[in-house]
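What follows is a short report on a single structure.
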Amino acid sequence: MADPSSYRPKPGQIPDSPGVYKFRDEHRRVIYVGKAKNLRQRLANYFQDLAGLHPRTRTMVTTAASVEWTVVSTEVEALQLEYSWIKEYDPRFNVKYRDDKSYPYLAVTLNEEFPRVQVMRGAKKKGVRYFGPYGHAWAIRETVDLMLRVFPVRTCSAGVFKNAARTGRPCLLGYIGKCSAPCVGRVTPEEHRQLADDFCDFMAGRTGTYIRRLEKDMTAAAEEMEYERAARLRDDVEALRRAMEKSAVVLADATDADLIAVAEDELEAAVQIFHVRGGRVRGQRGWVTDKVENVDTSGLVEHALQQLYGEEAGDSVPKEVLVPALPEHPDAVSQWLADRRGSQVSLRIPQRGDKKDLMVTVQRNAQQALGLHKTKRASDLTTRSRALEEIAEALGLDTAPLRIECFDISHLQGDDVVASMVVFEDGLARKGEYRRFQIKSFEGQDDVRSMHEVIGRRFRRYLHEKERTGEWEETPATHDPSATHDPSAAPDPSATPDPSAAPDLSPAPDSSATANPAAVSAPTDPVPDSAAEPREDDGRPKRFAYPPQLLVVDGGQPQVAAAKRALDELGIDDIAICGLAKRLEEVWLPDDDDPVVLPRSSEGLYLLQRIRDEAHRFAITYQRAKRAKRIRSSPLDAVSGLGETRKQALIKHFGSVKKLRQATIDEICEVPGIGRRTAESVAVALASTTPAMPAVNTATGEIIEEDDGGSTT
């Protein structure tokens with residue numbers, strides 16, 4: 001525990017300008033980011049008597065070892081910089097909202113020649129118009145099904161669209177009138193885009209004009225005795241009205257606004273947002289957060305606004321934002337929102353009328369969300385705590401293992417041997433700290449040797465990080481210097497993070513599963529130690545910086561012994577080890593002849609199984625990806641400077657690698673973009689590789705000709 005007076009800046013050293021400040025711990029990790037209109041006044045509040053500080057603030061300042069700041073010109077710049085640093089450093093003492101689900105949006109891909117209407121989740125893409133979010137995907141599909149009668153926009157995937165264009169036959173929706181079938185030329189690209197634009201206008205709330213136009217056309221058709229057309233227009237109007245009824249009118253003046261409500265207690269807070277467009281509720285979402293910093297309702301609202309609009313621009317930011325309490329500096333926040341929208345944004349508290357009544361409804365939803373979250377968390381927390389206690393009791397540990405790492409080896413008959421490392425903290429997956437390894441020291445199938453290599457590499461990295469931060473005191477009796485200064489102690493180029501930790505297209509993770517700033521992809525090719533050395537002052541937690549209380553390996557006695565031997569060679573004796581054998585789900589401990597057998601109904605056994613299965617899933621996914629990449633390799637990959645475009649041009653010109661191998665250099669030069677030097681390199685590369693054995697269709701006995709440049713070498 002640090003004394004704040006030991007790093008308190010000298011009087012007069014802190015400027016009285018707007019700015020953003022960072023508190024760092026003794027290992028230079030950023031633990032808190034804040035902003036201030038006056039840096040001198042704000043930072044002085046942190047260095048008063050500890051007894052007068054809020055318990056959360058007191059914990060933060062005693063954990064910190066230094067403070068630094070950056071001066072900016074305006075409060076708006078401070079707000080933007082604070083948001084950027086919180087996203088970059090993920091400080092442990094800052095409020096971080098987490099979605100309780102991944103909300104679906106209705107998206108129109110206006111960046112395509114023939115825009116497509118579809119349901120999307122995850123990060124927003126450029127050139128795509130979004131509507132929502134919605135509580136359930138089925139609600140979107142029901143609305144779209146009604147609207148396709150009037151706006152027959154394409155909804156099919158790229159594969160279905162291309163297949164229909166190739167065969168000249170539209171899909172079922174094209175036959176029943178719910179798609180204009182641009183794939184077979186029933187409408188021009190311009191006509192289809194107009195349909196997509198009309199669809200977007202209707203979804204954006206401009207409904208009255210379009211319905212009045214349809215009613216006018218219906219009346220005109222009836223007067224001209226075109227009764228079939230009039231009946232069709234009548235049904236179109238009815239379909240649009242049914243689609244509108246799914247979103248009840250809540251504000252009569254066709255308001256575009258977001259309403260934000262907060263429910264909180266001493267430990268947690270829940271935020272609910274209603275998205276109102278054209279006077280109708282078009283979407284709803286909610287967040288929950290732990291109050292890890294001393295923050296009031298206005299602070300929670302400001303954090304919610306940052307998270308809600310930090311990545312948005314244009315019409316995604318509404319004209320009006322209604323909140324239960326204004327942020328500390330409302331003018332700066334309003335200006336920040338206006339900059340993101342490109343026009344004026346009203347940020348205020350509703351005082352009377354329909355908007356205040358709707359805010360009461362949003363507040364009620366926030367209260368219910370907080371209550372439901374607490375009920376679920378209490379249940380889950382009880383189960384996880386019991387599981388960890390059962391594991392500690394069965395393995396003879398002094399305390400419950402709050403951080404568990406599990407390793408698994410995967411290969412296919414000795415080829416593409418890889419390993420995985422998954423991390424569970426407090427019984428929950430920490431996907432941002434997953435790692436995967438390529439086995440480098442040998443070739444072939446040897447799970448025990450592979451396990452020894454991976455454990456050694458992982459914990460050499462841990463010791464390297466401890467030495468870098470000064471946490472490890474090297475002693476000859478317990479630490480092998482050769483292991484510490486082994487080149488593999490540098491960042492391991494083959495250890496890469498879990499790609500699923502990125503915002504992704506899966507149900508929204510809670511804070512334990514969000515992308516950890518430590519999860520930075522390592523380079524594919526080896527790099528010099530100096531280039532791979534982590535920087536001292538970037539403030540992010542380093543990869544492999546934290547040790548587990550329990551190390552689990554997928555396997556029995558041999559794998560456990562290999563892991564124990566790897567730790568012994570590094571002088572690490574404070575990490576518990578166990579193995580979980582698949583055959584009878586037995587738990588093996590080092591140097592024990594008999595396994596520990598947990599009851600089948602044990603929560604502890606269930607947690608170990610879940611961790612082991614997750615490690616197996618992660619390993620086999622990586623192994624399959626490596627195998628697929630190897631199978632897709634081509635002899636042309638060895639030609640230096642030959643990009644993907646020219647490879648495809650060669651294959652398209654000759655039809656296959658087989659025919660390209662038989663071509664002369666002059667014939668290769670006839671391909672556009674291929675010079676003589678490149679042609680000579682292609683000929684040499686193909687001549688130096690042995691053609692793969694022809695594939696055989698086992699059902700017919702026919703030889704499958706090589707035709708796509710995908711031969712295996």
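The values are calculated or read from the model by the stated rules, or taken from the named source; none is laboratory data. Everything numeric in this text was worked out from a predicted model, so none of it was measured. Counting neighbours? That spans all protein chains shown, and the Cβs are built from the backbone with ideal geometry, glycine included. These accessible areas exclude ligands, DNA and RNA; they are computed on the full protein's heavy atoms, side chains included. Shrake-Rupley method; radii C 1.70, N 1.55, O 1.52, S 1.80 Å.
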Relative to the compact-globule scaling 2.2 N^0.38 Å, provide the ratio for the alpha-carbon radius of gyration of segment 360-408. 1.77
Can you give me the solvent accessible area of Asp217 with a 1.4 Å probe, rounded to the nearest 10 Å²? 50
With all protein chains in place and a 1.4 Å probe, Arg213 shows an accessible area in Å² (nearest 10) of 120
To the nearest Å², the heavy-atom accessible area per residue of segment 260-411 with 1.4 Å probe amounts to 43
Is segment 1-131 rounded, prolate or oblate when judged by the Cα gyration tensor, a ≥ b ≥ c being the square roots of its eigenvalues, rounded requiring a/c under 1.5 and prolate requiring a/b larger than b/c? prolate
Three-way shape label, segment 339-458, alpha-carbon gyration tensor, a/c 1.5: oblate
Alpha carbon centroid spacing (whole Å) that separates segment 171-207 from segment 342-411: 42
Could you point to the residue in Val33, Ala44, Phe23 farthest towards the positive end of segment 23-71's charge dipole, with +1 and -1 charges on the Cβ of Lys/Arg and Asp/Glu respectively? Val33
Taking protein heavy atoms only, a 1.4 Å probe, and rounding to whole percent, the accessible area of segment 557-680 owed to carbon and sulfur comes out at 49
Hey, any idea what % of segment 146-191's accessible area is carbon plus sulfur with a 1.4 Å probe? 57
Nothing charged except the Cβ atoms of Lys and Arg (+1) and of Asp and Glu (-1): what's the magnitude of the dipole of segment 20-73 about its Cα centre? Round to the nearest 20 debye. 220
List Lys125, Lys652, Lys355, ordered by accessible area with a 1.4 Å probe, largest first: Lys652, Lys125, Lys355
Total charge of the residues flanking Gly34 in space, meaning their Cβ is under 10 Å from its Cβ, with Lys and Arg +1 and Asp and Glu -1, is +1
Applying 1/(1 + (r/R0)^6) with R0 = 51 Å to the Cβ-Cβ distance of Ser84 and Lys162, what FRET efficiency is obtained, to the nearest 0.05? 0.80
Total formal charge among the other residues, if their Cβ is under 13 angstrom from that of Val684, Lys/Arg +1 and Asp/Glu -1: +2
